[in-house]
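Just below is one structure, and these are the notes that go with it.
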Amino acid sequence: MDNLPWIFISALLVNNFVLTYFLGLCPFLGVSNSLETSARLGLATTFVMLVTAVCAWVLNTYVLIHAPYLRLICFIVVIASTVQFIEMLIKKLSPALFRAMGIFLPLITTNCAILGLAIFATNRGYGFVEGIVYALGAGIGFTLALVLLAGLREESELSNIPKLIQGTAMNLIIAGVLSMAFMGFAGLFSSS
Amino acid sequence: MKTNESYEEFVKGIWRDNPVFVQVLGMCPMLAVTNSAINAIAMGMASMFVLVGSSFLVSAFRHVIPKQVRISCFIIIIATFVTIADYTLLALVPKVHKELGAFIPLIVANCLILGRQEAFASRYPTKLAVMDALGMASGFMLALFSLGAVREILGDGALFGIRIFSENFEPWIVMILPPGGFLTLGVILLFFNWFKYKKDEFLADVAKAERGGG
């Protein structure tokens with residue numbers, strides 16, 4: 001239990017899913033044009049990650065022991081149906097939130113950060129509690145990276161940028177600089 | 001005529017509609033595994049196998065798969081091929097498999113592959129779908145290789161593990177670390193923008209000259 005805070009901080013900052021593992025780049029580059037949508041997408045992704053972590057643990061413990069080669073197919077089916085289920089739930093409970101989320105909700109299925117989370121947690125042999133903490137750290141880390149990039153992009157719209165570099169090229173270079181900044185966190189644990 | 005058509009589908013994926021440089025798809029594996037040229041090629045081959053295999057199956061079954069559940073069907077077909085690729089690599093080249101790690105199963109979530117099934121394979125006959133998949137996969141491999149080669153040369157002073165600079169070369173460690181991936185791809189996209197910009201300028205000039213002449 002001692003390593004729970006470590007798992008959380010590691011997933012949040014040191015091994016940030018977006019900036020060091022390059023997971024979930026499609027939404028990272030695609031929808032990070034406004035602060036509000038990116039924060040919302042980040043929260044929805046965090047929620048799906050939590051549910052996936054629980055499902056992955058159940059599958060790993062009870063089902064996949066007997067058939068490890070089915071792991072990938074099981075995970076992807078679970079993720080797709082979780083997203084579908086959450087979509088229906090939100091539609092029923094809060095139509096306003098559902099409209100606000102729009103297309104981002106179904107797109108979470110193809111976000112490789114979610115599948116990556118399930119696979120990494122399995123590979124490292126995380127238990128139930130560790131898996132949930134890991135998912136929470138990864139989800140908040142994803143939201144953090146998304147919100148940071150969205151803030152920088154909103155700011156950059158006000159300044160005079162050469163036409164050539166606008167668009168994806170600039171976003172990637174901004175992400176590179178962000179990623180360098182996050183590398184600084186790697187020193188957090190080396191001394192202990 | 002028929003061969004021309006399939007040739008056309010093959011070529012468009014390599015340059016004009018290059019999945020990475022032009023459509024900006026499949027970024028996650030693109031950046032994660034390109035810290036050396038050999039990893040990039042292994043990833044490219046695995047993606048090519050999955051893309052061609054699933055395009056063939058999806059296209060062959062395109063009249064059978066019900067429209068409402070098509071995405072789930074595509075995903076399951078893709079996941080099957082990825083599992084095959086995963087176990088094959090593990091058996092043939094365990095070292096590369098270990099380095100690519102979790103990124104082989106993550107081919108499933110590569111939006112390039114699902115995108116081709118939805119946009120092309122589920123609508124066209126098998127032959128065209130396979131040609132399209134081959135072209136797109138070659139374009140993807142080209143992009144992976146160029147990124148991997150640049151990063152390995154600058155970050156390690158070597159290509160395929162063979163040193164190409166003298167001992168005095170100071171490797172740019174940052175290039176093989178995550179930020180290097182973002183920066184290299186950013187600069188490559190910048191070059192693509194520049195090409196496009198120059199071409200548009202040239203076409204505009206030609207149009208103006210023609211108007212002036214007429």
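The values are calculated or read from the model by the stated rules, or taken from the named source; none is laboratory data. Computed from a prediction, not measured in an experiment: that's the story for all the values here. Because the Cβ atoms are built from the backbone with ideal geometry, glycine has one as well, and the counts that use them run over all protein chains shown. For the accessible areas, the whole protein counts, side chains as well, though only heavy atoms, and no ligand, DNA or RNA atoms are used. Shrake-Rupley method; radii C 1.70, N 1.55, O 1.52, S 1.80 Å.
Just a few scattered comments:
- A:Val48 at pLDDT 80 or above and either touching a strand residue (DSSP E or B) at 6+ places or on another chain (Cβ under 7 Å) or within 12 Å of chain B (Cβ to nearest Cβ) (or both): no
- In the stretch B:27-43, the residues that are assigned to a helix (DSSP H, G or I), away from every other protein chain (no Cβ under 12 Å) and over 11 Å from the mean Cα position of the chain (by Cα): B:Ala37, B:Ile38, B:Asn39, B:Ala42
- Among the candidates B:Ala119, B:Ala46, the residue that is closer than 29 Å to B:Val187 by Cβ and free of Cβ contacts under 8 Å to residues at least 12 places away in the same chain is uniquely B:Ala119.
- Scan of the stretch A:143-192 for residues that are of a type outside the set (A, V, I, L, M), within 10 Å of chain B (Cβ to nearest Cβ) and not in a loop (DSSP other than H, G, I, E, B), ordered by number: A:Lys163, A:Thr168, A:Asn171, A:Gly176, A:Ser179, A:Phe182
- Residue in the stretch B:142-155 that is modelled with pLDDT of 85 or more, open to solvent by 50 Å² or more (accessible area, probe 1.4 Å) and of a type outside the set (A, V, I, L, M, F, W, C) present: no
- Residue count, the stretch A:126-142 (criterion: within 14 Å of another protein chain (Cβ to nearest Cβ) and open to solvent by 40 Å² or more (accessible area, probe 1.4 Å)): 1
Quick grid of which residues meet (1) touching a helix residue (DSSP H, G or I) at 6+ places or on another chain (Cβ under 7 Å); (2) modelled with pLDDT under 85; (3) basic (Lys, Arg):
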| residue | (1), (2), (3) |
| --- | --- |
| A:Leu105 | yes, yes, no |
| A:Leu117 | yes, no, no |
| A:Tyr126 | yes, yes, no |
| A:Gly131 | yes, no, no |
| A:Phe142 | yes, no, no |
| A:Ser159 | no, yes, no |
| A:Pro162 | no, yes, no |
| A:Ile165 | yes, yes, no |
| A:Thr168 | yes, yes, no |
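- Within the stretch B:78-98, none of the residues are more than 14 Å from chain A (Cβ to nearest Cβ) and touching a residue at least 60 places away in the same chain (Cβ under 8 Å).
- The set of residues in the stretch A:28-47 being buried (at least 24 other Cβ atoms within 10 Å of the Cβ) and more than 18 Å from A:Arg99 (Cα to Cα) consists of A:Phe28, A:Ser32.
- Remark: A:Val54 matches the filter, which requires a residue to be hydrophobic (A, V, I, L, M, F, W, C), in a helix (DSSP H, G or I) and either surrounded by fewer than 18 Cβ atoms within 10 Å (Cβ to Cβ) or away from chain B (no Cβ under 14 Å) (or both).
- Residue that is modelled with the lowest pLDDT, among those in the stretch B:116-130 that are of a type in the set (A, V, I, L, M) and crowded, with 24+ Cβ neighbours inside 10 Å: B:Ala121
- Summed over the stretch A:57-105, residues that are among the small types (Gly, Ala, Ser), closer than 18 Å to A:Glu36 by Cα and in a helix (DSSP H, G or I) total 2.
- Residues in the stretch B:170-199 that are polar (S, T, N, Q) and facing chain A (nearest Cβ under 7 Å): B:Asn193 only.
- Members of the stretch A:4-55 found to be free of Cβ contacts under 8 Å to residues at least 60 places away in the same chain and farther than 21 Å from A:Leu115 by Cβ, listed by number: A:Pro5, A:Glu36
- Test: B:Leu147 is out of contact with any strand residue (DSSP E or B) (no Cβ under 6 Å at 6 or more places or on another chain), under 22 Å from B:Met43 (Cβ atoms) and within 14 Å of chain A (Cβ to nearest Cβ): yes
- Residue within the stretch B:181-191 that is over 25 Å from the mean Cα position of the chain (by Cα) and either within 27 Å of B:Trp15 (Cβ to Cβ) or open to solvent by 30 Å² or more (accessible area, probe 1.4 Å) (or both) present: no
- Restricting A:Thr61, A:Thr109, A:Thr82 to residues that are more than 14 Å from chain B (Cβ to nearest Cβ) and among the polar types (S, T, N, Q) narrows the list to A:Thr61.
- Matching residues, the stretch A:64-79, being hydrophobic (A, V, I, L, M, F, W, C), exposed (fewer than 14 other Cβ atoms within 10 Å of the Cβ) and within 14 Å of chain B (Cβ to nearest Cβ): A:Ala67
- Scan of the stretch A:149-182 for residues that are under 16 Å from A:Val14 (Cβ atoms) and open to solvent by less than 70 Å² (accessible area, probe 1.4 Å), ordered by number: A:Leu178, A:Ser179, A:Ala181, A:Phe182
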